[in-house]
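Chemist: Here you go, one structure.
The values are calculated or read from the model by the stated rules, or taken from the named source; none is laboratory data. As the structure is a prediction and not an experimental result, all values here were calculated from the model. With ideal geometry, Cβ positions are generated from the backbone for all residues, glycine too; neighbour counts draw on all protein chains shown.
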Amino acid sequence: MLGLIDHEGRAERVTRSIAKRFRFDSEKAGEVAVHLGDRLRGLANEPGLLRRVTMWSLLNWGLEIAALFVFIRAFNGSVDVVGLVISFCLANVFASIPITPGGLGIVEGIYIPSLVGFGLTTTTATVSVLSYRLVQFWLPMIVGGVCYLSLRFGKFALKRAGELKSLQRYAVAGNKARTSRYEWAERNATTDRTREIPLPKYDPRYGLADTDELPVTPMIEDSRKESRDERRPGN
């Protein structure tokens, strides 16, 4: 994490090198490293936001662990809190690998043997974990599926033609205006901490002749000038 914040260039090069070695897209991997570094740097510059994010994350993980503990106790199981936390961390680390949706199969495969290793019987660990995953993973999907179907069918169904009419109008107007990607970026991109408008990353696959420099429009130049004036001493 500190390497991404303080040595973004080095982290990007290492990420690209690893991606090439495993035959992944090195360009996308490098972009992910740069984006992650930017986000972490912004988070580090806002201590209040960092504290809130940390607090809510810890609360979320604590409630997840407590829920699993309740299911274990419901089936007369007993496990040390440290062992439960270690099992939780292991399962979530492996679940972050995007192999199956929501770590389906992976989480269960980590939870059960690790809890057995910390003292639960195989039967208790299996029933507890499967019950926990039923509520934690499958139940929200079922509720979400029912809500989705209610918006497609029945008296609460959205009338797509009417609901999307305004969006269609904007799309038609945008096609008629023929806005370039740079004009669109000026109008819609958020400004960074210096109040400058970041230029969109250029991709040479789009076929512009000059790939060395990106065009700087008057609006972007004015924004940069205002930012420099505000940072001068005495302003």
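Chemist: Where the second residue is part of a helix (DSSP H, G or I) and the first is surrounded by 11 or more Cβ atoms within 10 Å (Cβ to Cβ) and lies in region 135-149, which pairs have Cβ atoms under 7 Å and are six or more apart or on separate chains?
Modeler: Q136/A67; F137/G102
Chemist: Across region 82-105, what is the number of residues that are in contact with a helix residue (DSSP H, G or I) (Cβ under 8 Å, 6 or more places away or on another chain) and at pLDDT 90 or above?
Modeler: Residues meeting the conditions: 8.
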